[in-house]
Each structure stands twice: as C-alpha cells, then as structure tokens.
Amino acid sequence: MADCVLKDLTNPDFDPHVSDEVAFGAQPNPWPEIARYRRETPMAIGEYRTFFGGAPDPTLAHMKHYTAFGYDEVDAVLSDPALFNSTGAHHLNAEKAFGRILVVMDPPDHTRYRKFLHAAFSPKPVRQWTETLIRPVIHRLIDNFANRGSAELVQEFTYRYPFEAVYELLQLPEGDVALFHKLAVSQTFAIASFVEDAQEAGENLADYFRCLIAERRKSPRDDMVSQLLATEVDGEKLDEEILVAFLRHILNAAGDTTYRTTGSMLTALLGDPALLDKIRGDRELIPLAIEETLRWEGPVVANFRYLTRDIEMAGVKMSAGSVVHAVHGSANRDETRFPDPDKFDIYRSRKYRHFAFGGGPHLCVGMHLARLQIREAISCLLDRLPNLRLDPDKPKPTIKGFHFRTPDAVNVVFDPS
C-alpha cells in the first residue's frame, strides 16, 4: 500500500457538498409541480432537469429528450432494456466518471457481470458486514457527540457513516478517508455542471484502485477486493477494469444514496414524535419506515434511458435515439397507486412497489446493504441518544433538491449519556 497514492483534484478547493445544490437543486417542495406534470403530461417533451430550473446535462445536449412522470410510463421505461437501454446515453457521462459499471451496461454484459456483484451483496455477507463493520463505524461516530446533548446529524453522522463503512469493507487506509469521500461524491457530478471535476475524480480513484488490486493479488485479505478477485462465476473471473469501475462506483452508490435516505428518514420521524416513540418501542417498525421513506423521499428523483426505436407512449410520438428520463419520485407519488401520496405513512399498503431502487434488470444490486445500514443507523441512534428530538432553537430540517434529495442539516437535542 505504500506505493498506492491517492491524488486530489487539480482544483483542490472544489467542494462537492457545496456544489450539490448548484447541480441538483435546492427546491424544498417540487412535488406539486411534479404532480401537475404527472396529471397533465405523464410523458412530457423535454429534459427533466430543465423543468425545474436546472441546467441541461451538457453531455446529452445534442439529443432530444422526453420525461416520464406517470407510474405506468416510468415502469415501462425501467422494465424494457431492449426498448429503453442504458448504454446509449450513460456511456456519455456515467461511464466517463465511473468506468463500465452496471448502470451503463445492457444484456448480455449486464447479466454476466451482475452475477459477480450479486454474490458479493447477497444477504448473508451483508448481515456479516453489518455486525463486524457497519455497527462499529456507527457507534464510533455517535461517540463523538453522545455526551454533548446536541448534534447536527447530517455533517456529524449521516454524511459520514455509509462511506466510512465502505472504507472498512475495502480496508482502505484511514489517512485517506476524507479524500476518498471527496472524490467518491465528486464523481456524481458527471451529469451536471462539473463534468471535468467528476471525470478527474473518477480517473484518480481508478489509478489508485489499480494499484490496490495489484497489492491484494500479492497479499489477499478478508476484504471485498480480495473476495471479488477470488470469485468465479461459470468458470470466469471478474475482468480487472470492471472491478476498478465497480470499486469507484460502490464508494458513491453505497454511500451517497444511503446518507441521503437516512437524513430524509430522520426528518420524517423527528417531525412526528408520536411515530418516533412507537418505533423506539418497537424496532420491527423500522423496515416499514425505511420503505416509506424510499417511496416518499427517495434519494434519487430521476434517471434516464436511451430509446432504441420510434414509439408512441401516453399519446406522445417519441423518436429513436432520444433520451427518456424516468422520474422515480413522481411514480412513487402517483395517486392512482398510492392514496394520499404526500403523506408519510409507514402502514400504507405495499400492493404497488416503489422505484427508489430502480426497476427491471437494473434493480439496485446493493439494496440489501442499504436497507441494513439505514436500519442499523436509526436503531443505534435511538439506543444511544435518549429522548432524541428536534432542537427547538434551530431551524427544522428541510429536504431539498429536484434531482437528488436530502436535508442539509438535522439539528437535534437529547439526554446526554
């Protein structure tokens, strides 16, 4: 590891946390406008970002765009990779930042490589990671403020614990944690206003992981890198560049979306003290609250696909070679599937599935890990912070964004331990 050096961005002042609002919006409540589009134009002409004041994705500016808001339309876009593929559009941005990750693949490559990652993220190893890696990270972070009686849970906890759990999983050097976090999040901006920074962050991480892989080939450990190097599926081992891409992506995918969801869930629970008391007394309610958070305020509001042939959907004629945006957040609040959709209700019917983890063949391979991390985080906070409640002297948390959603601060008070 001594020869593996992680390089910072050429622009060392680039702050991905501050840039989040620039790239993904600061709207506290885009839902009424999203509902209007859903009712009036379930398949709209135009790029989703521009409907809410965002700059067009510069990597896709030369293409025509459509945006699906209705539940059925979103389901169709996500479920049919032959008609709506991933490669056609994602290779222009996500692939340049992360490499050949599953998001940019279609069958048969997607099917082939998903088997490797599905094995890595199956329930058994994920449960083991929760006990041996994730839980200690969570307690270590809570130790920093448990005796204080107050905390700001985003910067002190939710923004950190999922990433630091991944670092433990990969057994990365502690001294590089802050820079790893910065580069991992910076890659996200490949679809927004900071494309060059995103691509440079991805390249720096790729160089580092190639070095790390070489080191683990010589001296295997009990970490995920060594495990994936040793895994065989149908007599085949994982291609190194695919592994490098996956490692770049997991830092972001397992960290960014989990931190956002945890913050939104805390916002909902702390805003309803009676519900929080019920969950404090019955931890089996936490999974219900997680699913409702994912439906109500999932971390990623929209994704996109590439249309492979001319079709008509919801009365709109759509041309091949276009980008079709699937607004998960809109589908998850479609009143034809979820009565009173803007209400946070952990007891609502599960007849219809939400799209927070995507859909079709690209259903998130790390969803078991995400759910277990969030469950462990909420449970530990309730265990360690008696009488946890919102700080009455600070602003209430506000979930923001039109593309990615999360509160930027959750100020709380509690009885010091």
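The values are calculated or read from the model by the stated rules, or taken from the named source; none is laboratory data. For clarity, every value in this text was computed on a predicted model and none was experimentally measured. In this analysis, Cβ positions are derived from the backbone assuming ideal geometry, glycine residues included, and neighbour counts consider all displayed protein chains.
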Next on the checklist: Here is a list: Asp342, Asp408, Asp391. Which entry is under 17 Å from the mean Cα position of the chain (by Cα) and acidic (Asp, Glu)?
Outcome noted: Asp408
Item to check | Single residue of Arg295, Arg216, Arg248 found to be touching a His at 6+ places or on another chain (Cβ under 6 Å), surrounded by 19 or more Cβ atoms within 10 Å (Cβ to Cβ) and among the charged types (D, E, K, R) | outcome: Arg295
Checklist entry - What residue, of Glu164, Glu152, Glu156, Glu131, is within 18 Å of Ala253 (Cα to Cα) and of a type outside the set (Phe, Trp, Tyr)? => result Glu164
Checklist outcome for this item: For the range 104-143 the number of residues that are part of a helix (DSSP H, G or I), acidic (Asp, Glu) and more than 16 Å from Ile374 (Cα to Cα) is 2
Next on the checklist: Just the residues that are closer than 29 Å to Glu232 by Cα, charged (D, E, K, R) and touching a strand residue (DSSP E or B) at 6+ places or on another chain (Cβ under 9 Å), please, taken from the range 101-158.
Outcome noted: Asp106, Arg112, Lys115
Checklist entry - Exactly one of (1) among the polar types (S, T, N, Q); (2) within 22 Å of Ser417 (Cβ to Cβ); (3) at pLDDT below 90 is unmet by Gln128. Its number? => result (2)
Checklist entry - Can you list the helices (runs of 4 or more DSSP H) found entirely within the range 1-61 that contain at least 2 residues being of a type outside the set (A, V, I, L, M) and over 23 Å from Arg305 (Cβ atoms)? => result 16-24, 31-40
Next on the checklist: Taking the criterion of being surrounded by 22 or more Cβ atoms within 10 Å (Cβ to Cβ) and either among the hydroxyl-bearing types (Ser, Thr, Tyr) or out of contact with any Phe, Trp or Tyr (no Cβ under 6 Å at 6 or more places or on another chain) (or both), would at least one residue in the range 123-136 satisfy it?
Outcome noted: yes
Next on the checklist: Quick check on Ala370: is it modelled with pLDDT of 95 or more, out of contact with any Pro (no Cβ under 7 Å at 6 or more places or on another chain), hydrophobic (A, V, I, L, M, F, W, C) and outside any strand (DSSP E or B)?
Outcome noted: no
Checklist entry - Which of the following residues is surrounded by fewer than 15 Cβ atoms within 10 Å (Cβ to Cβ), touching a residue at least 12 places away in the same chain (Cβ under 8 Å), closer than 24 Å to Val137 by Cβ and of a type outside the set (Asp, Glu): Pro386, Pro407, Pro395? => result Pro386
Checklist entry - Take the residues of the range 251-281 that are of a type in the set (Gly, Ala, Ser) and without any contact (Cβ under 8 Å) to a residue 40 or more places away in the chain: which is surrounded by the fewest Cβ atoms within 10 Å (Cβ to Cβ)? => result Ala274
